[in-house]
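Take a look at the structure below.
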Amino acid sequence: MIRIAILGDIGSGKSHIAKKFGYPIFNADKEVSKIYNKDKKSYKKLKKLLPRHIISFPIKKKFLSKAILANKKNIKKIGKVIHPEVRQRLRKFEKKHKKEKLVVLDIPLFLENKMNRKNDVLIFVSAEKKKIKRSLKMRSNFNPKIVEKLKKLQLPLEFKKKKSNFVIKNNFQNKSAKNSVKNILKKIKRNA
């Protein structure tokens with residue numbers, strides 16, 4: 001199984017590009033939402049770590065945002081609970097799809113959390129700053145202060161770009177994204 005990991009800035013359109021591959025996708029953000037909404041065990045751990053902010057289940061993102069803004073250490077506390085859970089879900093996903101030729105990993109802190117393996121195909125999604133801003137503002141839970149804090153967790157974008165096997169310039173138009181993905185898939189399959 002070839003693992004394709006999509007890297008890039010927050011709001012660069014990683015999930016949009018991931019869907020274009022047409023293979024099973026592990027979307028970490030969706031998994032995290034499921035954890036907040038359905039995982040009582042993680043809720044109890046977070047409540048213990050952040051009793052002033054985590055008051056009810058399912059966990060509401062606005063309370064997590066308040067916790068992050070209240071103290072920069074809180075983002076690490078949240079990560080300590082959530083990241084191992086995401087890793088476990090990734091293992092289940094890989095087991096479920098072990099017969100697939102390819103799987104796509106849409107995991108924002110993929111390199112930061114050392115989830116990469118030697119043979120992974122890394123694809124960096126780059127986009128213009130103003131297009132990224134527009135994309136972020138369209139999100140229902142957009143908070144510029146939170147985005148800044150999350151960006152601080154990331155490795156420098158230039159580093160990620162250099163580490164990547166391919167770069168896709170996302171101009172948020174379907175046709176060019178589709179073509180880029182098609183060309184990359186050809187090259188991956190040729191080298192497999």
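The values are calculated or read from the model by the stated rules, or taken from the named source; none is laboratory data. Everything numeric in this text was worked out from a predicted model, so none of it was measured. Positions of Cβ are generated from backbone atoms using ideal geometry, with glycine treated the same way; all protein chains shown enter the neighbour counts. These area figures cover heavy atoms from the full protein model, side chains too; ligands, DNA and RNA do not enter into them. Shrake-Rupley method; radii C 1.70, N 1.55, O 1.52, S 1.80 Å.
Filtered by the rule that a residue be free of Cβ contacts under 8 Å to residues at least 40 places away in the same chain and in a loop (DSSP other than H, G, I, E, B), the stretch 141-168 gives F142, P156. Scanning the stretch 32-67 for residues that are surrounded by fewer than 19 Cβ atoms within 10 Å (Cβ to Cβ) and within 30 Å of V181 (Cα to Cα) yields a total of 2. The residue pairs whose first member lies in the stretch 40-51 and is under 18 Å from K72 (Cβ atoms), whose second member is open to solvent by 100 Å² or more (accessible area, probe 1.4 Å), and whose beta carbons are closer than 8 Å, counting only pairs six or more residues apart or on different chains, are L49/K80. E94: surrounded by fewer than 19 Cβ atoms within 10 Å (Cβ to Cβ) and modelled with pLDDT of 95 or more, yes or no? Yes: the conditions hold for E94.
Would it be correct to say that N171 is over 17 Å from the mean Cα position of the chain (by Cα) and not in a helix (DSSP H, G or I)? Criteria met by N171. With respect to S135, is the statement that it is open to solvent by less than 40 Å² (accessible area, probe 1.4 Å), in a helix (DSSP H, G or I) and in contact with a Gly (Cβ under 6 Å, 6 or more places away or on another chain) true? It is true that S135 is open to solvent by less than 40 Å² (accessible area, probe 1.4 Å), in a helix (DSSP H, G or I) and in contact with a Gly (Cβ under 6 Å, 6 or more places away or on another chain). In the set K77, K118, only one residue is of a type in the set (K, R), more than 14 Å from the chain's Cα centre (by Cα) and crowded, with 16+ Cβ neighbours inside 10 Å; that residue is K77.
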